[in-house]
Number of protein chains: 4
Amino acid sequence: MARREFARSGYVGTTNRRIAEQAGITTGAIYHYFTSKRDVYLAVFEETDRIILTRYQEVTSDALLSFEEMVAQLLEVSSQMNSEDETLAAFLASASVDAHRDPELLPTYLEHDHKMMGFFSQLIDAGVEEGVIHDESRADILDAIRVLTLGLTWYSVRLGDPVAHRRATAATIQAMRGNLFPSRPAGRRRATR
Amino acid sequence: MARREFARSGYVGTTNRRIAEQAGITTGAIYHYFTSKRDVYLAVFEETDRIILTRYQEVTSDALLSFEEMVAQLLEVSSQMNSEDETLAAFLASASVDAHRDPELLPTYLEHDHKMMGFFSQLIDAGVEEGVIHDESRADILDAIRVLTLGLTWYSVRLGDPVAHRRATAATIQAMRGNLFPSRPAGRRRATR
Amino acid sequence: MARREFARSGYVGTTNRRIAEQAGITTGAIYHYFTSKRDVYLAVFEETDRIILTRYQEVTSDALLSFEEMVAQLLEVSSQMNSEDETLAAFLASASVDAHRDPELLPTYLEHDHKMMGFFSQLIDAGVEEGVIHDESRADILDAIRVLTLGLTWYSVRLGDPVAHRRATAATIQAMRGNLFPSRPAGRRRATR
Amino acid sequence: MARREFARSGYVGTTNRRIAEQAGITTGAIYHYFTSKRDVYLAVFEETDRIILTRYQEVTSDALLSFEEMVAQLLEVSSQMNSEDETLAAFLASASVDAHRDPELLPTYLEHDHKMMGFFSQLIDAGVEEGVIHDESRADILDAIRVLTLGLTWYSVRLGDPVAHRRATAATIQAMRGNLFPSRPAGRRRATR
DNA sequence: TATGAATGAGATTTCATTCAT
DNA sequence: AATGAATGAAATCTCATTCAT
């Protein structure tokens, strides 16, 4: 599949020849289905985006889940998808770089990015409503979530090993819960455990 | 400087012509100083590596710093470098992708990666010695640190704004200290709904 | 119709896809009716040739017309055809170029050219018989007619406007009659300043 | 020279390979001097335009010439250039078609066309001032001149023979003077010869 | 008859690299 | 040391043509 090639070699580094070989056709035949290499790339992107967002939507659209459960479910789903098809996360990470190197790829990427932010916002909304998140720390939390998800994505791509990824995810959750690093009381914080 | 070009356009996307233009010479002259474009890239990489690691070393080699102070200092130094020269982090992030796309670039990148791990290990050693970190959670902490630093790097590169980066860094530290997300002893969850 | 496409974009520049689209079929279907794109082109050419020559024949085969009337009729018929279907002249002009660029198109074009010369010869014959044309100026007249018809064709194609074409035709007739440019016996020029 | 190739095979039909072969270099080297094939074409066009217009300017800028002499000189110069370098007229005729087939070539062609019109206008001005041309027939004369020059150009290109071209030019001049075709008095015209 | 997927040859273009000067 | 003209390999893309269905 073209996704694997794009993830491995990037947009510029993936040649039509490779794409065609993977598909068992000639380079000319590509243009029967797509108008350009860019078109192939964007089609792959949109398919990837769709696959991932569908799974995420199943989590966030479940009104019965608490904040805690939602976070757990999203991370769980991420890990699952990673195990099922390693190219999904690899491609998206790769694409986040390629999109910023080619102006014509950027809009599609930003659209995807925007949708992802939507999930995080819904997540935070749930937390605020539930009372476990202070309203004034929304922006900070959004920042932190972005940092954590970016970090997890890149780390897992580098590791290339679902088991290690799962372990790292667990460790990160522990860190987020203040169970890993020493924590000083930052004002009105009650001691947890 | 070539670093800016490589950071912006990647290894494949940066042409010798651009490198030469930025340096105020001709493409032919490049080959008086380097044996190939790859050689230029690796030279840029090694210089970047040296600049960053020198600054980090100044922090970790100060035996008087506590774990807490060391973490703070490292993050502070990262932010400072980011403000002084935005191309450093941008190039390294870019390089982490390009290195994995071209086998001949990988060894140099892995070497750099290894050195970075050394700093984190030293950091953890200090924490264990100080008693603020449990010895058995070393691996988890190393994972978490990698996730957090990767996340911060990519987030800052995307933001492209030192002020926003600093804010995100602060938010991440808060998260790490357990001050942001709700933390509950694992297992003893109240029933939701 | 394919004629419009060939006239507009030329032989090389017109793709089978466009031909098929214009005809409301697929590219593959073209090969049920023609053996090649060249075959399509030549069929268009021959149809165009037939349409035009039929109209011309109606003029020159009318034995009752005087030289003057024949010239007027031919020009009139040219203008009429131009108004009825602008693609006829446009295609022939276009073809006169394309035929000379592709050796396999040339014979068909030359054949058409030869037929056109036949009409001009008949015209001159009528003029000589009528006594309004000197027998020894036959060659010169043939040259002049060719120049004038070529000029009118190309000018009208460029103008793309039947009304302007008609005006230019009238002006050219005036010029041919010596009513436009100053004419003086050759040799006996007055000294100019 | 590239002009010969473009004249013979047209803009689309002339390949970089042919251009390079003619120049004794490889296709890649073309791009050391030009940014695209189109750029090569336009450079050829502009050079051709310059050569021809320089020669024409020498005629029309000579204030001592009468209308009659100017016309004779322009035709003479045209014939001379045609003998010296047959590719000049051949290319311009070819270009008049190619320019209308490719929107990006058109502006340069129209600019050239506009300059040529300038010469004709100057010519007519001289005739009006001299009293040999009626002021109210300016438009008709411009039309007729355009038709005649277009016709001569295309006829000479088809003939491909400077001697025949010269003969055709002479015949056309005779026709213009009313010496060839039978002319009926069109109103106030005095009998000439 | 007709479709449309597919081919394969060839076109334009890019670019790291070389080398005479 | 440095230039910049030139190469040659490879990439993207086009298109007339074929052929299984």
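When you check B:LYS37 against the structure, is it surrounded by fewer than 21 Cβ atoms within 10 Å (Cβ to Cβ) and within 16 Å of DNA strand F (Cβ to nearest atom), yes or no?
Yes: the conditions hold for B:LYS37.
Of everything in segment B:10-64, what is among the polar types (S, T, N, Q) and out of contact with any Phe, Trp or Tyr (no Cβ under 6 Å at 6 or more places or on another chain)? Give them in sequence order.
Within segment B:10-64, B:THR15, B:ASN16, B:GLN22, B:THR26, B:THR27, B:THR35, B:SER36, B:THR54, B:GLN57, B:SER61 qualify.
Output the residue which, of all residues in segment B:12-29 that are within 14 Å of another protein chain (Cβ to nearest Cβ) and outside any helix (DSSP H, G or I), is nearest to DNA strand E (Cβ to nearest atom).
Taking the candidates together, the pick is B:THR15.
Between a first residue in segment A:8-20 that is farther than 18 Å from A:GLU104 by Cα and of a type in the set (Gly, Ala, Ser) and a second residue that is more than 9 Å from DNA strand F (Cβ to nearest atom) and part of a helix (DSSP H, G or I), which pairs have beta carbons less than 7 Å apart while being 6 or more apart in sequence or on different chains?
Close Cβ pairs (under 7 Å, with a partner that is more than 9 Å from DNA strand F (Cβ to nearest atom) and part of a helix (DSSP H, G or I)) amount to A:SER9/B:ARG101.
When you look at C:THR60, is it of a type outside the set (A, V, I, L, M) and closer than 17 Å to C:HIS112 by Cα, yes or no?
Taking the combined requirement at face value, the residue satisfies it.
Does D:GLU68 satisfy the condition of being in contact with a Pro (Cβ under 8 Å, 6 or more places away or on another chain), more than 16 Å from DNA strand F (Cβ to nearest atom) and of a type outside the set (Gly, Ala, Ser)?
yes
Kindly indicate which of D:HIS112, D:HIS32 is in contact with a helix residue (DSSP H, G or I) (Cβ under 8 Å, 6 or more places away or on another chain) and within 14 Å of another protein chain (Cβ to nearest Cβ).
Among D:HIS112, D:HIS32, only D:HIS112 is in contact with a helix residue (DSSP H, G or I) (Cβ under 8 Å, 6 or more places away or on another chain) and within 14 Å of another protein chain (Cβ to nearest Cβ).
When B:LEU53 is evaluated against the numbered criteria (1) more than 14 Å from chain A (Cβ to nearest Cβ); (2) within 16 Å of DNA strand F (Cβ to nearest atom), which criterion, by number, is the only one it fails?
(2)
Is segment D:40-49 home to any residue that is near DNA strand E (Cβ under 9 Å from one of its atoms), charged (D, E, K, R) and surrounded by fewer than 16 Cβ atoms within 10 Å (Cβ to Cβ)? Lay out the reasoning, then the answer.
Kept after step one, since they are near DNA strand E (Cβ under 9 Å from one of its atoms), are these residues of segment D:40-49: D:40.
Remaining after also requiring charged (D, E, K, R): none.
Looking for residues that are near DNA strand E (Cβ under 9 Å from one of its atoms), charged (D, E, K, R) and surrounded by fewer than 16 Cβ atoms within 10 Å (Cβ to Cβ), one finds none in segment D:40-49, hence no.
Give the residue that is surrounded by the fewest Cβ atoms within 10 Å (Cβ to Cβ), with candidates limited to residues of segment B:84-138 that are among the hydroxyl-bearing types (Ser, Thr, Tyr) and free of Cβ contacts under 8 Å to residues at least 40 places away in the same chain.
So the residue we want is B:SER121.
Look at segment C:69-83 and say how many of its residues are under 15 Å from C:TYR56 (Cα atoms) and either of a type in the set (Phe, Trp, Tyr) or surrounded by fewer than 16 Cβ atoms within 10 Å (Cβ to Cβ) (or both).
5
Right, A:THR60: out of contact with any strand residue (DSSP E or B) (no Cβ under 8 Å at 6 or more places or on another chain) and within 16 Å of DNA strand E (Cβ to nearest atom) or not? Talk me through it step by step, then tell me what you get.
Details: out of contact with any strand residue (DSSP E or B) (no Cβ under 8 Å at 6 or more places or on another chain): yes; within 16 Å of DNA strand E (Cβ to nearest atom): no.
Taking the combined requirement at face value, the residue does not satisfy it.
Can you tell me which residue in segment B:50-65 is modelled with the lowest pLDDT, limited to those that are surrounded by 14 or more Cβ atoms within 10 Å (Cβ to Cβ) and among the polar types (S, T, N, Q)?
B:THR60
Quick one: in segment A:115-152, which of the residues that are more than 9 Å from chain B (Cβ to nearest Cβ) and of a type in the set (Asp, Glu) is nearest to A:SER61 (Cα to Cα)?
Ranking the qualifying residues of segment A:115-152, first place goes to A:ASP125.
Looking at A:THR54 and the list (1) within 16 Å of DNA strand E (Cβ to nearest atom); (2) of a type in the set (Val, Ile, Thr); (3) out of contact with any helix residue (DSSP H, G or I) (no Cβ under 8 Å at 6 or more places or on another chain), which single condition is not satisfied?
With (1) within 16 Å of DNA strand E (Cβ to nearest atom); (2) of a type in the set (Val, Ile, Thr); (3) out of contact with any helix residue (DSSP H, G or I) (no Cβ under 8 Å at 6 or more places or on another chain) applied to A:THR54, the lone miss is (1).
Give segment C:6-34 a look and list any residue that's under 24 Å from the mean Cα position of the chain (by Cα), more than 8 Å from DNA strand F (Cβ to nearest atom) and either loosely packed, with under 15 Cβ neighbours inside 10 Å or not basic (Lys, Arg) (or both), or say none.
Within segment C:6-34, C:PHE6, C:ALA7, C:SER9, C:GLY10, C:TYR11 meet the criteria.
The values are calculated or read from the model by the stated rules, or taken from the named source; none is laboratory data. The structure presented is a predicted model; accordingly, all values stated were derived computationally and were not measured. We place every Cβ from the backbone using ideal geometry, glycine too, and count neighbours over all the protein chains shown.
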